[in-house]
Amino acid sequence: MYEDDGGGHAVNGTQRPGSVCPMPSLAPHTASVPPSGIRRIFDLAGELDDVIALAIGEPDVPVAEHILAAGARAFMADVTDYTPNGGIPQLRQAIVEKLARENSLTVDLEQVWVTVGATQALHQAMGLLLDAGDEILVPDPGYTTFSMSARMAGATPVPYSLRPDSGFAPSIDELDRLVTDRTRVIIVNTPSNPLGSVLDADQLRELLAFARRHDLWVLSDEVYEYFTYGTPHVSIASLDDDDRVFSAFSLSKTYAMTGVRVGYLVTPPGMAPIMRTVQEASISCVTSPAQLAAIAAITGDHQHVADAREHYRGNLEAACAVLDERGIHYLRPNGAFYLWIDMQHATQGDVAGWTEAFLLRERVSVAPGSAFGRAGEGWIRVCVAADRADVIEGLRRLPAPHGTIA
Ligand SMILES: Cc1ncc(COP(=O)(O)O)c(C=O)c1O
């Protein structure tokens, strides 16, 4: 029995409270879509004053002037019509050139589909690749939306673990064991949210060989591609020689324009007719001024992106120094802008409850690791895309393990 959704509709044949008429039920698979485990902390933090907010992956740097100006100019010039489903040709062309330059990916314009952030790119890809009852391998810990979108497609997300004892890298042996005759897709996310780990070319080749062996699609999430510190970002599609990779990219984090909602999906060749149809059915197209802002972002000066990377790198170094000094165990990240911190000494098997209590007591919001999958129990994710002094102060308020300097 599912609960009432609180919005007036009965779920699964129950009756709306106070109503004499039975209401139609929602599709059963909607009840299996997991809620976001970060939302609770976000809402609670919103009710409190003086909170150091380190829970949400929101860049703290401003959007570059030339990007804002292009969006504003587009609105003022009334560039407000529908665009082609795949995006404005000039934007798709700019993306084709960027992919060749930055990702060693040679693709045709018709393989590039401008989407409402990477969120819709991932959702669209899962809608194309998954049928009800299919299985998709998702990283654990991994970005929450991977499982949500899979469930929306009626499919079952099957977690593959990224654990400290294997250096947080996927284990091909474990992956081999998880494959069933329903498995259709594996999601690969590098740089990883929440871990900040970056997979190198050899690891990506192994994952591709695994996908080939079991004839799986690969869905690659490269939202943090511009933020790596040491290990260079490699696009798995650039190593793919049999067209099994779909790649989701985003402008959200790179250009700090999360609310503008522009990303893109790069498909294997030959998908244009079906992509045109599913784009038409789901969004028609991305907001036209947002697309013009995206052209300015991709083709414009990138010094501000390099500056943002240095800001995040500096924050990560400062944060690691605090954790080292306090004897708190964590994964040293080489990508994205998160720290994955071991809090097992304080959380007693309930990190979600602990992050709430910590927020109420210390006025610091952090994301519970359990929001990213079972393997995240006992861990927290701290976003360092914030003022450096706040990051340092927030980490100073974390409890240190017994026997270490607090
Ligand atoms: C790994 C990962 N993929 C996708 C997204 C969604 O990004 P977008 O704003 O492009 O929809 C996020 C946002 O936090 C993310 O961390």
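The values are calculated or read from the model by the stated rules, or taken from the named source; none is laboratory data. All values derive from a computational prediction rather than experimental measurement. Don't worry about glycine lacking a Cβ; one is built from the backbone with ideal geometry, like all the others, and counts go over all protein chains shown.
There is no residue in region 267-284 that is within 16 Å of the ligand (Cβ to nearest atom) and under 22 Å from Glu97 (Cα atoms).
Just one of the numbered conditions (1) touching a residue at least 24 places away in the same chain (Cβ under 8 Å); (2) assigned by TED's automatic domain parsing to the domain that holds Ala125; (3) within 16 Å of the ligand (Cβ to nearest atom); (4) closer than 30 Å to Leu339 by Cα is not true of Tyr312: (2). Selection of first residues in region 229-251 that are farther than 23 Å from His214 by Cα and of second residues that are within 16 Å of the ligand (Cβ to nearest atom) and of a type in the set (Phe, Trp, Tyr), restricted to Cβ pairs under 9 Å at least 6 apart or on distinct chains, gives the following pairs, ordered by first then second residue: Tyr229/Tyr312; His233/Tyr224; His233/Tyr226; His233/Phe227; Phe249/Tyr264; Ser250/Tyr224; Ser250/Tyr264; Leu251/Tyr264. Among the residues of region 235-252, is there at least one that is modelled with pLDDT of 95 or more, buried (at least 23 other Cβ atoms within 10 Å of the Cβ) and out of contact with any strand residue (DSSP E or B) (no Cβ under 6 Å at 6 or more places or on another chain)? Yes, some residue in region 235-252 is modelled with pLDDT of 95 or more, buried (at least 23 other Cβ atoms within 10 Å of the Cβ) and out of contact with any strand residue (DSSP E or B) (no Cβ under 6 Å at 6 or more places or on another chain). Is it true that some residue in region 256-279 is crowded, with 21+ Cβ neighbours inside 10 Å and among the small types (Gly, Ala, Ser)? Taking every residue of region 256-279 in turn, at least one turns out to be crowded, with 21+ Cβ neighbours inside 10 Å and among the small types (Gly, Ala, Ser).
Confirm whether Ala94 is within 14 Å of the ligand (Cβ to nearest atom) and small (Gly, Ala, Ser).
Numbers: within 14 Å of the ligand (Cβ to nearest atom): no; small (Gly, Ala, Ser): yes.
Against the criterion (within 14 Å of the ligand (Cβ to nearest atom) and small (Gly, Ala, Ser)), Ala94 does not qualify.
Screening Ala293, Ala319 for residues that are touching a residue at least 12 places away in the same chain (Cβ under 8 Å), of a type outside the set (D, E, K, R) and within 16 Å of the ligand (Cβ to nearest atom) leaves exactly one candidate, Ala293.
Listed by first and then second residue, the pairs with beta-carbon distance under 8 Å, at least 6 apart or on different chains, first residue in region 22-47 and more than 23 Å from Asp350 (Cβ to Cβ), second modelled with pLDDT under 90 and of a type in the set (Asp, Glu), are Leu26/Asp5.
Test Thr180 against the stated conditions and say whether it is among the β-branched types (Val, Ile, Thr), closer than 26 Å to Gly86 by Cα and assigned by TED's automatic domain parsing to the domain that holds Cys285. Break it down stepwise before answering.
On the way: among the β-branched types (Val, Ile, Thr): yes; closer than 26 Å to Gly86 by Cα: no; assigned by TED's automatic domain parsing to the domain that holds Cys285: yes.
Against the criterion (among the β-branched types (Val, Ile, Thr), closer than 26 Å to Gly86 by Cα and assigned by TED's automatic domain parsing to the domain that holds Cys285), Thr180 does not qualify.
A count restricted to region 117-128 and to residues that are surrounded by fewer than 19 Cβ atoms within 10 Å (Cβ to Cβ) and either touching a Lys or Arg at 6+ places or on another chain (Cβ under 9 Å) or without any contact (Cβ under 8 Å) to a residue 40 or more places away in the chain (or both) stands at 0. Looking across region 360-394, the residues that are crowded, with 22+ Cβ neighbours inside 10 Å and assigned to a helix (DSSP H, G or I) come down to Gly369, Ser370, Ala371, Phe372, Gly376, Val391, Gly394.
The residues in region 235-256 that are polar (S, T, N, Q) and more than 10 Å from the ligand (Cβ to nearest atom) can be counted, and the count is 3. Of all residues in region 133-145, those that are within 10 Å of the ligand (Cβ to nearest atom) and within 14 Å of Pro170 (Cβ to Cβ) total 2. When Glu356 is tested against (1) part of a helix (DSSP H, G or I); (2) surrounded by 18 or more Cβ atoms within 10 Å (Cβ to Cβ), just one condition goes unmet, and that condition is (2).
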